[in-house]
1. Could you tell me whether GLY154 is within 16 Å of ligand 2 (Cβ to nearest atom), farther than 30 Å from SER2 by Cβ and touching a strand residue (DSSP E or B) at 6+ places or on another chain (Cβ under 8 Å)?
2. Give me the residue from the stretch 142-156 that is farther than 13 Å from GLU104 by Cα and free of Cβ contacts under 8 Å to residues at least 40 places away in the same chain and, out of that set, farthest from ligand 1 (Cβ to nearest atom).
3. Search the stretch 77-100 for residues that are without any contact (Cβ under 8 Å) to a residue 12 or more places away in the chain and pair each with any residue that is among the charged types (D, E, K, R) and surrounded by 21 or more Cβ atoms within 10 Å (Cβ to Cβ) when their beta-carbon atoms are under 7 Å apart and the residues are at least 6 apart or on different chains.
4. Do we have any residue at all in the stretch 81-101 that's more than 25 Å from LYS35 (Cβ to Cβ), at pLDDT 95 or above and among the acidic types (Asp, Glu)?
5. Scan (1) in contact with a Cys (Cβ under 9 Å, 6 or more places away or on another chain); (2) under 22 Å from LEU181 (Cα atoms); (3) not charged (D, E, K, R) for the single condition ILE33 breaks and write down its number.
6. Can you go through ARG34, ARG69 and tell me which one is more than 18 Å from the chain's Cα centre (by Cα), closer than 24 Å to ARG220 by Cβ and either in contact (Cβ under 8 Å) with a residue 40 or more places away in the chain or away from ligand 2 (no atom under 15 Å from the Cβ) (or both)?
7. Assess whether GLY186 counts as being within 9 Å of ligand 1 (Cβ to nearest atom) and under 26 Å from VAL48 (Cα atoms).
8. For the stretch 53-62, does any single residue satisfy the condition of being more than 29 Å from LYS227 (Cα to Cα), in contact with a Phe, Trp or Tyr (Cβ under 7 Å, 6 or more places away or on another chain) and touching a residue at least 24 places away in the same chain (Cβ under 8 Å)?
Amino acid sequence: MSVASLVADLHTARPLVAPSLLSCDFANVEREIRKVEAAGAKILHLDVMDGHFVPNLSFGIPVVKAIRRVTELPLDVHLMISEPWRYLAPFREAGADLLTIHIEVAPEPQPLLEEIRSLGAAAGITLNPPTPVETLRDCLPYCDLVLVMSVMAGFGGQEFEPVALKKLAAVRRWGGEDLLLSVDGGVNLDTVGRCAAAGADLFVTGSALFSQDDYGAFLRQVTRLAKASKDGQN
Ligand code: DX5
Ligand code: ZN
C-alpha cells in the first residue's frame, strides 16, 4: 500500500485507538494482537527504546519483523532512540508503516522525514513534554503524523501531563485537518476527551487498555468519548 493510501485510510477511520504493545503480555504477543484485532483496533503502536535517549530498553528490529509476520494492521513505530537515521531503512524493511522520530535528537528533521517518505512509510515527528511545540512548526509540511507526548518518553503507566493539550491545539491549528495528530502517554477514559477536544485523533493507549479484561469494550468507550468530545467542539 502506498503512503498516500495508508494515510487516507487512517484519516477515514479517525478517531483511532492505537494499542501500545509495550504493556501487553509479551509471552503471548500473537494472542494479544489477535485480541486487539478482534476488539476493532485498526493500527498498532510499537515503542522502540534504546537505553540511551530514554533510560529504558524495549525491543528492536527483530521483534518488529516478527510482529509484521502475524498481522496486517499498520505498524506505527515510535523510535525513542538517539540516532534514528541509522535505523530508518532497517525498520522499514522489518515492516514499519509509520516511523516517528523525536525532534530532541533531530533538531533539523526535514531530511529524515523526507527519507522516511522515500522509503515508503508515513513520516512522524514527536516531542517530549518539556520541548516547546514551536520547535516542530517548520517541519510540519514534511510530516504525515505528529505525536504529542503527554508523558516523558520511556515508560508505560505514567500520569498524563496536561501540557500536551496546548501543544495538540497548536499543532492542529498549524497543520490543519489533514495531519494525523496522535497523543501518547497516560491516555485513558479520564483524559481522552480533553485530548480529542484539543484536536487529537489518534490515541495511543498502553496500560489503560492492557489492564482490561474486555479490550473491545474499552476501545469502544475510548472511541465514543473521543467522538463525543470532538462533536461537542463543533
Ligand atoms: C512511553 C511510550 C508509550 C507507552 C504509553 O514512552 O511511548 O507508547 O506505551 O503507555 P501508557 O498508555 O501506559 O501511558
Ligand atoms: Zn509510544
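The values are calculated or read from the model by the stated rules, or taken from the named source; none is laboratory data. The shown structure was predicted, so the numbers you read here are calculated from the model rather than taken from an experiment. Here Cβ is always computed from backbone atoms with ideal geometry, including for glycine, and neighbour counts include all displayed protein chains.
1. Numbers: within 16 Å of ligand 2 (Cβ to nearest atom): yes; farther than 30 Å from SER2 by Cβ: yes; touching a strand residue (DSSP E or B) at 6+ places or on another chain (Cβ under 8 Å): yes.
Taking the combined requirement at face value, the residue satisfies it.
2. That would be TYR142.
3. none
4. Step one: list which residues in the stretch 81-101 are more than 25 Å from LYS35 (Cβ to Cβ), which gives 81-90, 92-93, 99, 101.
If we keep only those that are at pLDDT 95 or above as well, we get 81-90, 92-93, 99, 101.
In the following step, the residues that additionally are among the acidic types (Asp, Glu) were identified as 83, 93.
Yes; the residues of the stretch 81-101 include at least one that is more than 25 Å from LYS35 (Cβ to Cβ), at pLDDT 95 or above and among the acidic types (Asp, Glu).
5. ILE33 satisfies every listed condition except (2).
6. On the way: ARG69 fails: closer than 24 Å to ARG220 by Cβ.
Sole residue among the options that is more than 18 Å from the chain's Cα centre (by Cα), closer than 24 Å to ARG220 by Cβ and either in contact (Cβ under 8 Å) with a residue 40 or more places away in the chain or away from ligand 2 (no atom under 15 Å from the Cβ) (or both): ARG34.
7. Numbers: within 9 Å of ligand 1 (Cβ to nearest atom): yes; under 26 Å from VAL48 (Cα atoms): yes.
The answer is yes for GLY186.
8. Narrowing the stretch 53-62 to residues more than 29 Å from LYS227 (Cα to Cα): 53-62.
Adding the requirement that they be in contact with a Phe, Trp or Tyr (Cβ under 7 Å, 6 or more places away or on another chain) leaves 56, 61.
When the remaining residues are screened for being touching a residue at least 24 places away in the same chain (Cβ under 8 Å), the result is 56, 61.
Yes, the stretch 53-62 contains at least one residue that is more than 29 Å from LYS227 (Cα to Cα), in contact with a Phe, Trp or Tyr (Cβ under 7 Å, 6 or more places away or on another chain) and touching a residue at least 24 places away in the same chain (Cβ under 8 Å).
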